[in-house]
Amino acid sequence: MADVVLETRQLTKEFKGFTAVNNVNLQVQRGHIHALIGPNGAGKTTCFNLLTKFLVPTSGQILFNGRDITMARPAQIARQGIIRSFQISAVFPHLTVLENVRIGLQRPLGNSFYFWQSEKKLGALNDRAMALLAQVDLEQFADTVTVDLPYGRKRALEIATTLGMEPELMLLDEPTQGMGHEDVHRVTELIKKVSQGRTILMVEHNMSVIAGISDRISVLQRGAMLAEGTYAEVSKNPQVMEAYMGTTTGALEGAH
């Protein structure tokens with residue numbers, strides 16, 4: 001039996017008669033990069049919002065490490081180790097890169113953020129913060145005010161602050177959205193690097209990114225699970241091709 005970190009059972013969310021997520025059964029295995037894909041309006045973001053407790057399911061269950069977290073609050077699941085990047089870890093634009101990562105590092109201490117603490121006390125976190133910046137190739141930007149960072153580097157910083165919260169499961173929401181080719185490549189390599197010893201569930205539109213780093217892919221359409229498997233399996237599935245292309249010919253390679 002595979003080691004399943006996150007599981008949903010018949011997960012369903014309805015909005016005034018509209019079913020956004022429909023009986024979704026998802027299993028994310030420990031150590032995998034698992035991609036959640038689907039055409040616009042497929043229910044991916046709603047699914048993410050259910051998993052991070054921004055929304056409450058209409059019915060169904062969510063299990064994390066075998067524990068039922070269906071009714072847990074966002075702060076509770078964050079403490080258990082489910083951290084959603086690019087949302088919870090949105091950076092503070094007028095702090096430096098180093099200061100942003102330090103704020104992320106205060107989260108696992110179980111205390112409120114030390115905005116009032118002296119620089120000396122916060123300095124104790126600097127070594128760990130610099131180590132995280134090294135992981136995402138941002139050491140040379142440590143003293144840069146975040147608002148001045150290029151877009152792709154801001155995304156790298158968000159990954160660093162998320163890592164500072166010591167996630168067991170990282171949820172990445174459209175990590176390469178709006179990026180040029182060079183930034184897409186850098187962030188893709190970064191995700192691959194930080195996935196060592198971690199589990200990642202990501203929503204992503206860019207098929208070349210998904211093809212390059214995903215261990216497993218789940219495809220949603222109209223809120224329901226359409227297909228699941230490796231990229232090779234999913235990209236050859238006629239139903240998936242039709243959902244993306246409106247046709248049963250041609251593969252997914254060009255569907256960015």
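The values are calculated or read from the model by the stated rules, or taken from the named source; none is laboratory data. Note that the structure is predicted; figures quoted are calculated from it, not measured. Cβ placement follows ideal geometry from the backbone for every residue including glycine, while neighbour counts extend to all protein chains displayed.
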Does segment 43-53 hold any residues that are modelled with pLDDT under 90 and of a type outside the set (S, T, N, Q), and which are they? Lys53
Of the residues in segment 206-245, those that are closer than 28 Å to Glu166 by Cβ and not polar (S, T, N, Q) number 7
Please enumerate the residues belonging to segment 94-108 that are β-branched (Val, Ile, Thr) and either modelled with pLDDT under 90 or touching a Leu at 6+ places or on another chain (Cβ under 7 Å) (or both). Val97, Val101, Ile103
Are there any pairs with C-beta distances below 7 angstrom linking a residue in segment 198-224 that is assigned by TED's automatic domain parsing to the domain that holds Leu50 and free of Cβ contacts under 8 Å to residues at least 60 places away in the same chain to a residue that is hydroxyl-bearing (Ser, Thr, Tyr) and assigned to a loop (DSSP other than H, G, I, E, B), with the two at least 6 apart or on different chains, and if so which? Asn206/Thr176; Val209/Thr176
If you scan segment 47-64, which residues turn out to be among the polar types (S, T, N, Q) and touching a helix residue (DSSP H, G or I) at 6+ places or on another chain (Cβ under 8 Å)? Thr52
